[in-house]
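Novice: My structure is below; once you've seen it, I'll send some questions.
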Amino acid sequence: MKKMVGSLFLTVMIILATILTGCSGKDVSASSKGKVVVDFWTFWGSETRRPVIDKIVNDFNNSQDKIIVKHTFIPWGDIWTKNLAAVAAGNPADVVINDINSVSQRAENNQVEDLSAYIKANTFKEQFYTNLWDTVLYKGKPYAVPFTTDTRLLFYNKDAFKDAGLDPNKPPTTWKELEKVAQKLDKKQGEKYTRIGYYPLFGGFGAPSWLKNADDGMGFVEDGKLKIDTPKKVKALKWLVDWQNRYGDKTIQTYEAEFSNGQTNPFIAGKVALYTDVGTFYTQIRDSGTKMNFGVTTMPAFDEKSKPWSDGGGFVAEVPKGAKHPKEAMQFIKYLTGEKAQKYWAEKNYDNVANKKAAETVMQGLTGDAKVVYQEAVKSLQYTTLSPVPIHYPDYQNRINPFIDRAMKGKMSPDEALEKAEKDVEKMKQ
Amino acid sequence: MRLAGSLERKKKFSFKNLLVFLILLVGSMVLLTPLCWMILTSLKSPQEIMQYPPPFLPQKFHFSNYLEAWKTGNFTRWSLNTLLIAVMNTIGNVLVNSFVAYGFAKIRFKGRNVLFILVLSTMLLPGFVTMIPQYILFSKLGWVNTYLPLIVPAFLGSAFNIFLLRQFMMTIPNEIAEAAIMDGANHFRIWWTITMPLIKPALITVAIFSFTGAWNDLLGPLLYLSDENLYTLQLGLQTFKGSVQTQWNYLMAMSVMVLIPTILIFFIFQRYFIKGANVSAGMKG
Amino acid sequence: MEKGTVSQVDTGLTQMALNRERTKVPVRFVSQLNWKQNVTGYVFVLPWIIGFLCLTAGPLLFSLYASFTDYNITSKMNFIGLENYKRMFTMDDMFWTSLWNTIYYVVFSVPLTTIGAIFVAVLLNQKVKGMRIFRTIFYLPAILSGVAVYFLWMQLLSPSTGLVNQFLHIFGIEGPSWLFDPNWTKPALILMKLWGVGGGMLLYLGRMQGIAPSLYEAADLDGANSLEKFFHITLPMITPIIFFDVVTSTIGSFQIFQEAYVMTQNGEGGPSNSLLFYNLHMWNNAFKSFDMGYASAMAWFLFGIIMVLTFINLKAGRKWVYYEGGDGK
């Protein structure tokens, strides 16, 4: 009995201790020493990005004495869920870094604050690339500010080009050229491919990206109208199916499985000679220690008359709905997307930033391969379209994919697949 | 009632035991492969990890990965935090769930079966549809950014553990308990002095499950903690997972380190899993 | 006390079965006892009741109501009746795909892991050298959790360089592309689940420790061999745990989510949606399309399915589960 009382007492003491320590973490979101504390959530915790964002935050804090920005790391991928829960409960952060393509979706669902009240100057938006600013608008009002962006480029192995008798300074510019070049770069050992010249669906371009590229940069939904079943898109899908049939299911699956875990990369490993990826892929090549000579160019155009349309994404800084200090939050966001901070970010992280001036200044400071890749990226940005989530068909991608999948597996003709896909998406209109 | 013929059994045993030993050995090697791979990856350089085909052994053993990884975040603090949460969870789960399970297993009260089905049914609903309403609830209580949402539920019973302990308690014959009641003991005494010792392996199991569950929990701390000083180890591990690239060597190194306490707990506690120590027929004094 | 209990330790199951007879108690005692019993019973169960009422019931009922609305978490919650359910059954192909994927997984993983866990527990219950280390090794996979494990497995399952296929190669078998071959993705996950069989093993081991050695010794006297001892003593005695394992494994397997979420690109459900499990489809609806009302409807439908299955398990359980302490009726 004594033992029981003793252990119960111990338990109570521990519980008390816990509650005390638990409470010590309480956020002092009210002004501390007269300063306003702005909660800033990002997913940048790695040893490369953390110091950069921390310095930007520190610089801001030191540059004025009314606001203190508190930066908290929330894990990548989970940050959206946590942000959502916090908004639902009414106690979100003041500034959050979020995905650019879903800004209008969040705006529609009342998850972000309208920032137009805090942007007095009309010239504010001119700092940024137009396509980026357009993506943060919902019903004509800005709900976020672009921070970084990216674009997909075509990386190619110059050494492999030389070996195959191709000019390493003349990468393919059209789909036809790409096909020819890729086939020259295939390497086979009996029945097995030891190197694939190029496969359009490896890397940063998926079927939707190619279909968009063929259709003059027009996505599946344009101005609220469905543009899934268009002649150019059908042609593109047929083209993709041909690639798949040429190499065969098994080869493609093996390749995909080998490189799916993200640790090794097929281009760096020399298993493909051309590869699609974002501009920052350059840092992976640089850090891998490979001796390969590589080149980079914009994505190929559908034909001589088309443009090299590419896919883009990016991140924005936004103020979640219900944030306690939107005005101060906006002040910080203005600094974050201003030339100084953006230039620093671009320099240290080799990211494409949204601020045009910053991007151009940084480019001048780069040398060698870094400069080449950055230049191509900036060039590609002109033809980069983003893929904002359409309000009335938020689930559209998930509904289209199974049909594309069936076409790729030969279970359905490309015409039929896109036709049915458009019908299916129309069914689920919200 | 000790048996003769044990000499005979010894001879049989050595052949059967050898077979068992071999199977266990092969099984162990198979099971340890992923762990081996994890440790080897944690000792490689980033370049080696990116190589294809991936080398089995690293050229040099980069033990510095462990040190570097530890320095990246506030891992010391995070370890203590996680330890606190895990210990509290274990205490709560073991005490409260055995208490509640006793009620279901040994006391015939009105509405018991219906209530038990209700308990079971709480396990049936996928967690994340109640995740947001629960978060809002805790938020209204002011418990967000504290450890309370992560610890208090352990003191309010969990269906899984209640079910588990109830099953174990129902394997104990009632004669001993009934004799104790005749002697004037009440149910609390029986619970504490008779039943608990008899289901020690089950309690240890609940303790181990509880500790490792809390130790490895990601969703709870992720949702409810917004102050990096309060973070737990699993949450801290995510610093290596990037939007562009993941730092595999550090991630694996820290994953190995995070693993060690749970292995220790298991190794220590399993000495209670001794054959015949808790005979349901109550042979012990 | 000891004398009375020793008499139970007899050979043969029949003796044990006979012990289920309850002793009768005088009638006037009964009503007093009953009232006291009821109160005591509820006192014991009180912590759970408090937790349920305060923390669980509210959110549960909320999500039930949400399933009849167009709730999107942050801006609207209008009652729309059975719209969500209708949509689920008639307009959402992926609903059926996800249901099929999940049932496939449950049907294979539950029996395999249960039998596997029992088998391993029996092995680890022998008096063999190094038992403590073996037990730790076998339990290890169950406590190895987190994203790192999934990525490890993705590497192990790589078609040409992964250790799984290299191992199969030794026997001349050419392994499939596992996680990228739609026909092999689910078996890959079941394989992963079997690797973690140590968790369940612990339960059985714990129960086996509590079986009186004298039972086995008596069986030895009768000349029983190992198999007979297992089937006539061990197995019946662990039926309460098998019951627990089957019920909780079924419930757990129906809710598989984490693996598919991490191991498929963007949580999209893998090649040809072969890994689009029910919970993953629900998650995408809830957090990608913000259609929480629809997700709640899906959740409660799953609740219904598992409830029915659990009921069946409970009823069937009365037939084959043996409780040494009587089933408390």
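The values are calculated or read from the model by the stated rules, or taken from the named source; none is laboratory data. These numbers come from a predicted model, not from an experiment. Every residue, glycine as well, gets a Cβ built from its backbone with ideal geometry; the counts of neighbours run over all protein chains shown.
For (1) in contact (Cβ under 8 Å) with a residue 40 or more places away in the chain; (2) surrounded by 19 or more Cβ atoms within 10 Å (Cβ to Cβ); (3) at the interface with another protein chain (Cβ under 7 Å from one of its Cβ atoms), each residue gets a yes or a no:
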{"site": "B:D217", "(1), (2), (3)": "yes, yes, no"}
{"site": "B:L223", "(1), (2), (3)": "yes, yes, yes"}
{"site": "B:T239", "(1), (2), (3)": "yes, yes, yes"}
{"site": "B:I263", "(1), (2), (3)": "no, no, yes"}
{"site": "B:R271", "(1), (2), (3)": "no, no, no"}
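Novice: Scan region C:225-264 for residues that are more than 12 Å from chain B (Cβ to nearest Cβ) and among the small types (G, A, S) and jot them down.
Specialist: Correct list: C:S253, C:A260.
Novice: Can you tell me which residue is farthest from the other protein chains (Cβ to nearest Cβ) among those in region A:244-270 that are surrounded by 18 or more Cβ atoms within 10 Å (Cβ to Cβ), outside any loop (DSSP other than H, G, I, E, B) and of a type outside the set (G, A, S)?
Specialist: Within region A:244-270, the match that is farthest from the other protein chains (Cβ to nearest Cβ) is A:Q244.
Novice: Specify the residue that is farthest from B:F211 (Cα to Cα); the eligible residues are those in region B:106-120 that are touching a Ser or Thr at 6+ places or on another chain (Cβ under 8 Å) and part of a helix (DSSP H, G or I).
Specialist: B:K106
Novice: Go through region C:76-95 and give me each residue that's polar (S, T, N, Q) and touching a helix residue (DSSP H, G or I) at 6+ places or on another chain (Cβ under 8 Å).
Specialist: Selection gives C:N84 alone.
Novice: Sort out which residues of region A:400-430 are over 22 Å from C:N285 (Cα atoms) and either touching a strand residue (DSSP E or B) at 6+ places or on another chain (Cβ under 8 Å) or among the hydroxyl-bearing types (S, T, Y) (or both), and write them in order of number.
Specialist: A:S413
Novice: Hey, another quick one. Looking only at strands (runs of 3 or more DSSP E) that lie completely in region A:135-209, which have at least 3 residues being within 17 Å of A:D311 (Cβ to Cβ)?
Specialist: The qualifying strands (runs of 3 or more DSSP E) are A:145-157.
Novice: Tell me which residues, restricted to region B:28-72, are away from chain A (no Cβ under 14 Å) and outside any loop (DSSP other than H, G, I, E, B).
Specialist: Answer for region B:28-72, where residues must be away from chain A (no Cβ under 14 Å) and outside any loop (DSSP other than H, G, I, E, B): B:S28, B:M29, B:V30, B:L31, B:L32, B:T33, B:L35, B:C36, B:I39, B:Y66.
Novice: For residues that are facing chain B (nearest Cβ under 7 Å), in contact (Cβ under 8 Å) with a residue 24 or more places away in the chain and in a helix (DSSP H, G or I), tally how many sit in region A:83-99.
Specialist: 0
Novice: Related question: Which condition number in (1) surrounded by 20 or more Cβ atoms within 10 Å (Cβ to Cβ); (2) within 8 Å of another protein chain (Cβ to nearest Cβ); (3) not aromatic (F, W, Y) is the one that B:L137 fails?
Specialist: In the conditions (1) surrounded by 20 or more Cβ atoms within 10 Å (Cβ to Cβ); (2) within 8 Å of another protein chain (Cβ to nearest Cβ); (3) not aromatic (F, W, Y), B:L137 misses (1) alone.
Novice: Check region C:226-235 and report whether any residue there is touching a residue at least 12 places away in the same chain (Cβ under 8 Å), touching a helix residue (DSSP H, G or I) at 6+ places or on another chain (Cβ under 6 Å) and crowded, with 23+ Cβ neighbours inside 10 Å.
Specialist: no
Novice: Filter region C:115-154 for residues that are assigned to a loop (DSSP other than H, G, I, E, B), facing another protein chain (nearest Cβ under 7 Å) and among the small types (G, A, S) and give the result.
Specialist: C:S145, C:G146
Novice: Here's a follow-up. Report those helices (runs of 4 or more DSSP H) wholly inside region C:207-277 carrying at least 2 residues which are among the charged types (D, E, K, R).
Specialist: Passing ranges, in order: C:213-221, C:226-229.
Novice: If you don't mind, another one. For C:K129, all conditions in the list (1) at pLDDT 85 or above; (2) more than 21 Å from C:V262 (Cβ to Cβ); (3) surrounded by fewer than 22 Cβ atoms within 10 Å (Cβ to Cβ) hold save one; what is the number of the exception?
Specialist: So the condition that C:K129 fails would be (1).
Novice: Take the residues in region C:269-291 that are among the aromatic types (F, W, Y) and within 7 Å of another protein chain (Cβ to nearest Cβ), then tell me which one is farthest from C:G252 (Cα to Cα).
Specialist: Result: C:F290.
Novice: Condition (residue is in contact (Cβ under 8 Å) with a residue 40 or more places away in the chain and on the phi > 0 side of the Ramachandran plot) applied to region A:317-326: is it met by at least one residue? Steps first, please.
Specialist: Keep residues of region A:317-326 that are in contact (Cβ under 8 Å) with a residue 40 or more places away in the chain, which gives A:317-326.
Within this subset, residues satisfying the condition of being on the phi > 0 side of the Ramachandran plot are A:322.
Yes, region A:317-326 contains a residue that is in contact (Cβ under 8 Å) with a residue 40 or more places away in the chain and on the phi > 0 side of the Ramachandran plot.
Novice: Shifting gears a bit: With the requirement that a residue be under 21 Å from C:L144 (Cβ atoms) and either among the β-branched types (V, I, T) or outside any helix (DSSP H, G or I) (or both), what does region B:187-245 give you?
Specialist: B:I204, B:T205, B:V206, B:I208, B:T212, B:D217, B:L218, B:Y231, B:T232, B:T239, B:K241
Novice: So which of C:L275, C:L302 ends up being more than 19 Å from the chain's Cα centre (by Cα), more than 23 Å from A:A88 (Cα to Cα) and at pLDDT 85 or above?
Specialist: It is C:L275.
Novice: Of all residues in region C:165-186, which are within 26 Å of the chain's Cα centre (by Cα), without any contact (Cβ under 8 Å) to a residue 40 or more places away in the chain and not in a loop (DSSP other than H, G, I, E, B)?
Specialist: Within region C:165-186, just C:W178 meets the criteria.
Novice: Consider region C:155-164. How many of its residues are in a loop (DSSP other than H, G, I, E, B) and under 20 Å from B:G27 (Cα atoms)?
Specialist: Number of matching residues: 2.
Novice: Could I ask something else about it? Within region B:114-134, is even one residue among the aliphatic types (A, V, I, L, M), more than 8 Å from every other protein chain (Cβ to nearest Cβ) and buried (at least 19 other Cβ atoms within 10 Å of the Cβ)?
Specialist: no
Novice: For region A:293-385, list the helices (runs of 4 or more DSSP H) that sit wholly inside it and hold at least 3 residues that are under 17 Å from the mean Cα position of the chain (by Cα) and not β-branched (V, I, T); which are they?
Specialist: A:339-349, A:368-381
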